[in-house]
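To start, the structure itself, in structure tokens.
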Amino acid sequence: MKQYRFEDMAVGMTHRFTVQLDEERQQQFMRLTGDTNPLHEDDCFAKGRGFEGRVVYGMLASSYYSTLAGVFLPGENCLLNECKIVYTNPVYIGDELTVEGTVSDIRESTRRIRIAGKMTNQHGVVVNTAVITVSFTDRKVEE
Amino acid sequence: MSREEILERVNGVFREVFDDETVAVTYESTAADVEGWDSLRHITLIEAIEDEFDMRFKMNEVTGMKDVGEMIDIISSRI
């Protein structure tokens, strides 16, 4: 786990990792959230709605922005404040996503940074983008 | 830019951040006068004002402002 502090951050710092959205994760997410929408569970239903097959939960895919910020950028000192996500293309069971984040803005006044996030599938198609705002837990704002 | 013009633009930022078209702050307004103006909203507000006026506050200013008038004085000195 990374342990970047606010003072370590610089615009342009980037981290990326890959994750495979397999059947097990899809089932775990369904059990965890209770989202039983057939678009995620029923191949015939999904194909009938114009998709190639069952669609991976958007929030399952985008949950890896939590990993991006909380483990890597900045890592241990992270407190997630905001995450604005735009879903641009479907993710299917078995897709391998590259999760990438780049520090795009640093605010000295509030000790927060913004990270431009992007997830790309194995075909190079962007499946979602995000603007992630995080603060740091290693030092409280002075009273 | 006059203090009145800055106040008008600051009010626009408040309305956007609080998602409330009825919000109208004055020079004397404090966090106690605006419903929902808590510490996290304050941080969002500060960053939105920085964006609006293309300026930056100092960290001690963020926690030290006693009212909107003081905020406007700081903005006025930076633009």
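The values are calculated or read from the model by the stated rules, or taken from the named source; none is laboratory data. Not measured: the values here are computed from a predicted model. As a convention, Cβ positions derive from the backbone with ideal geometry for all residues, glycine included, and neighbour counts pool all protein chains shown.
How many residues does region B:1-30 contain that are small (G, A, S) and touching a helix residue (DSSP H, G or I) at 6+ places or on another chain (Cβ under 7 Å)?
2
Taking region A:53-81 as the region of interest, how many residues are under 12 Å from the mean Cα position of the chain (by Cα) and assigned to a strand (DSSP E or B)?
1
Taking A:I93 as the residue in question, decide whether it is crowded, with 16+ Cβ neighbours inside 10 Å, more than 14 Å from chain B (Cβ to nearest Cβ), among the β-branched types (V, I, T) and under 14 Å from the mean Cα position of the chain (by Cα).
Considered against the rule, which asks whether it is crowded, with 16+ Cβ neighbours inside 10 Å, more than 14 Å from chain B (Cβ to nearest Cβ), among the β-branched types (V, I, T) and under 14 Å from the mean Cα position of the chain (by Cα), A:I93 comes out as no.
Out of curiosity, is A:I115 away from every other protein chain (no Cβ under 14 Å) and under 22 Å from B:I49 (Cα atoms)?
On the way: away from every other protein chain (no Cβ under 14 Å): yes; under 22 Å from B:I49 (Cα atoms): yes.
Yes.
May I ask you to verify whether A:T102 is more than 14 Å from chain B (Cβ to nearest Cβ), of a type in the set (S, T, Y) and under 30 Å from B:F57 (Cβ atoms)?
For A:T102, the condition - more than 14 Å from chain B (Cβ to nearest Cβ), of a type in the set (S, T, Y) and under 30 Å from B:F57 (Cβ atoms) - is met.
Answer yes or no as to whether B:I43 is at pLDDT 95 or above and buried (at least 18 other Cβ atoms within 10 Å of the Cβ). Break it down stepwise before answering.
On the way: at pLDDT 95 or above: no; buried (at least 18 other Cβ atoms within 10 Å of the Cβ): yes.
Taking the combined requirement at face value, the residue does not satisfy it.
Considering each residue of region A:70-122, count those that are among the hydroxyl-bearing types (S, T, Y) and free of Cβ contacts under 8 Å to residues at least 40 places away in the same chain, and give that number.
Number satisfying all stated conditions: 3.
So which of B:D19, B:D51, B:D38, B:D33 ends up being at the interface with chain A (Cβ under 10 Å from one of its Cβ atoms), free of Cβ contacts under 8 Å to residues at least 12 places away in the same chain and not small (G, A, S)? Spell out the reasoning first.
Details: B:D19 fails: at the interface with chain A (Cβ under 10 Å from one of its Cβ atoms); B:D38 fails: at the interface with chain A (Cβ under 10 Å from one of its Cβ atoms); B:D33 fails: at the interface with chain A (Cβ under 10 Å from one of its Cβ atoms).
So the residue among B:D19, B:D51, B:D38, B:D33 that is at the interface with chain A (Cβ under 10 Å from one of its Cβ atoms), free of Cβ contacts under 8 Å to residues at least 12 places away in the same chain and not small (G, A, S) is B:D51.
Select, from A:S135, A:S104, A:S109, the only residue that is within 24 Å of B:R56 (Cα to Cα) and part of a loop (DSSP other than H, G, I, E, B). Walk me through it before giving the result.
Values: A:S135 fails: part of a loop (DSSP other than H, G, I, E, B); A:S104 fails: part of a loop (DSSP other than H, G, I, E, B).
It is A:S109.
Filter region A:112-143 down to the residues that are of a type in the set (D, E, K, R), modelled with pLDDT of 95 or more and touching a helix residue (DSSP H, G or I) at 6+ places or on another chain (Cβ under 8 Å) and list them by number. Please lay out each step first, then the result.
Taking region A:112-143 and keeping what is of a type in the set (D, E, K, R), we get A:112, A:114, A:118, A:138-140, A:142-143.
Within this subset, residues satisfying the condition of being modelled with pLDDT of 95 or more are A:112, A:114, A:118.
Correct list: A:R112 only.
State yes or no: is B:V62 assigned to a helix (DSSP H, G or I), in contact with a helix residue (DSSP H, G or I) (Cβ under 9 Å, 6 or more places away or on another chain), within 14 Å of chain A (Cβ to nearest Cβ) and buried (at least 16 other Cβ atoms within 10 Å of the Cβ)?
Yes.
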